[in-house]
1. Kindly check whether there is at least one residue in segment A:242-263 that is on the phi < 0 side of the Ramachandran plot, buried (at least 20 other Cβ atoms within 10 Å of the Cβ) and touching a Lys or Arg at 6+ places or on another chain (Cβ under 6 Å).
2. Among what's in segment A:125-180 and is in a helix (DSSP H, G or I) and within 18 Å of A:His64 (Cβ to Cβ), pick the residue that is modelled with the highest pLDDT.
3. Right, B:Thr33: within 15 Å of the chain's Cα centre (by Cα), polar (S, T, N, Q) and either closer than 16 Å to B:Met131 by Cα or away from chain A (no Cβ under 11 Å) (or both) or not?
4. I'd like the full set of residues that are in a loop (DSSP other than H, G, I, E, B) and more than 7 Å from every other protein chain (Cβ to nearest Cβ), limited to segment A:1-26.
5. Here are some residues: B:Gly99, B:Gly89. Which one is crowded, with 21+ Cβ neighbours inside 10 Å and either of a type in the set (D, E, K, R) or modelled with pLDDT of 95 or more (or both)?
6. Can you work out which of the residues in segment B:56-74 that are more than 10 Å from chain A (Cβ to nearest Cβ) and surrounded by fewer than 16 Cβ atoms within 10 Å (Cβ to Cβ) is farthest from B:Thr214 (Cα to Cα)?
7. Scan segment A:188-212 and report the pairs whose first residue is in a loop (DSSP other than H, G, I, E, B) and whose second residue is surrounded by fewer than 18 Cβ atoms within 10 Å (Cβ to Cβ) and β-branched (Val, Ile, Thr), with Cβ atoms within less than 8 Å and a gap of 6+ or a chain change.
8. Which members of segment A:27-74 meet the condition of being part of a strand (DSSP E or B) and closer than 29 Å to A:Leu163 by Cβ?
Number of protein chains: 2
Amino acid sequence: MKPALVPTPAAGVHLSTGGFEAVVHGLASALSTLAAPDVPRLRTPPVIARQTIEEVGYHESFPHLLGRVFARTDGGALAESDLVLLPAGCYCVYPVHAGERLHGPTEVSVEATCFRQEAHAEPGRLRSFRMREFVRLDTAERCLAWRDDRLAAARDLLAELGLETTSEVASDPFFGRGNRLLRKLQVERELKVELCAEVAPGQRQAVASGNYHTDQFGRLFAITGPDGAVAHTACLAFGYERLALALLHRHGEETGRWPDRVRKTLDLEAPR
Amino acid sequence: MKPALVPTPAAGVHLSTGGFEAVVHGLASALSTLAAPDVPRLRTPPVIARQTIEEVGYHESFPHLLGRVFARTDGGALAESDLVLLPAGCYCVYPVHAGERLHGPTEVSVEATCFRQEAHAEPGRLRSFRMREFVRLDTAERCLAWRDDRLAAARDLLAELGLETTSEVASDPFFGRGNRLLRKLQVERELKVELCAEVAPGQRQAVASGNYHTDQFGRLFAITGPDGAVAHTACLAFGYERLALALLHRHGEETGRWPDRVRKTLDLEAPR
């Protein structure tokens, strides 16, 4: 079957064909080259403890995007459960290291299926989507340097795949609503940088982002560096579906006709 | 990292390591041999339209297992959304063929992440877990024959991997509660057959199941065969995490020391 997203009765929720999955798997291998081979990998389920998401304050920063899981109690009444839908991959990493004194710079690669209750459903804006994240726990300086270095490497990798991206300093969409100061601060300090590409005609979207969280998560989860100082964190995130859509938009629906270099980098079969 | 499930603050919700994922990927390839190479593949997100699940009556048959997604409306109030967590892979297939007159026997391979709000969390009983399903749409006779033939092939494949399974006629857990007759009928007609294996010491669980749905889904989604008669359906489902746990329980934590035959079937790297 051609690489494609297949609509379902729910907006922003799509099935994907085997051909689309082949592109996603190729992207997964290609993105792995952005981390050292010994970086541990974790796969997270699409749900996470509500407690963790409340600890990081996601429900306050992005109240409209969070999906909450309700289920029946023993008595039969419908009630909020202990789970929410995972909004971003890196949130599963911090509890793993909670209370820990790290031996040194620590990096984790995460495969995640995320959910955001988006109000619109233009191409590439999915409610359920997959994300690859690299998470770094280190000093402030090294977190920032790592993020900028890996973002540059990511831009090169995407260029090699034929995707010219623009780099944009961003703020998370809901910071601005209740808290203009926080949003201004985030942009001024360049905490969030996005790589944007066209995923459909006239649809330009973030396909990757690099984020520096200061010591926010280190403090919340009591994670310290070898010197006992609170750990700082950063992450580099990639949206699989958006990247695959951008590639299909750039090179066409016939992956067998994509440039040799791109097919090779993505481990796609040669045309038959 | 060793192949393992990593606990999270939520019971029955586990992260998995790269080593565990290698086993899961190996299982995915091995299970693919149970279908013809030209069987279309679909990957489904972990959420599905609530409408679909209500159409098939899952919310009435298994009210305690269903996870419902709530989110804030534009006004800011928390309300049930149009989505629920996907309880089984095959439910995403029927809407794709809704209203269709099939050209002939139709088969689809589905990769799914499923959710069931289990009350207990013994080893192998996860709330979020992955499932591979093969779904067949055909005549009554051929659906039953296909299910039994593919179950036998699955048993052979699992035996080749060192997993001796027992075959048990089963009924879905909640049919019995409100409707003993339905449960009795299900067992008498052998609609559901499970393959069970030990996933941890003393923990025997279903690692696969073959189900014949009669024309229930064909009727609900108005799917007919080439002759215009309502299509019957069957499915063959495998639990990735349970299968991986059963393999680890059987062969030990060091996948490098697993029998050559098993490593080869699962595409696992040779020991270094």
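1. Scanning segment A:242-263, I find no residue that is on the phi < 0 side of the Ramachandran plot, buried (at least 20 other Cβ atoms within 10 Å of the Cβ) and touching a Lys or Arg at 6+ places or on another chain (Cβ under 6 Å), so the answer is no.
2. Once the filter is applied, the top-ranked residue is A:Arg180.
3. On the way: within 15 Å of the chain's Cα centre (by Cα): no; polar (S, T, N, Q): yes; either closer than 16 Å to B:Met131 by Cα or away from chain A (no Cβ under 11 Å) (or both): yes.
Considered against the rule, which asks whether it is within 15 Å of the chain's Cα centre (by Cα), polar (S, T, N, Q) and either closer than 16 Å to B:Met131 by Cα or away from chain A (no Cβ under 11 Å) (or both), B:Thr33 comes out as no.
4. Across segment A:1-26, the qualifying residues are A:Lys2, A:Pro3, A:Ala4, A:Ala11, A:Gly12.
5. From the options B:Gly99, B:Gly89, the qualifying one is B:Gly89.
6. Result: B:Glu60.
7. Qualifying pairs under 8 Å: A:Glu190/A:Val169; A:Leu191/A:Thr214.
8. Matches in segment A:27-74: A:Arg41, A:Leu42, A:Arg43.
The values are calculated or read from the model by the stated rules, or taken from the named source; none is laboratory data. All values reported here derive from a predicted model rather than from experimental measurement. Counting neighbours? That spans all protein chains shown, and the Cβs are built from the backbone with ideal geometry, glycine included.
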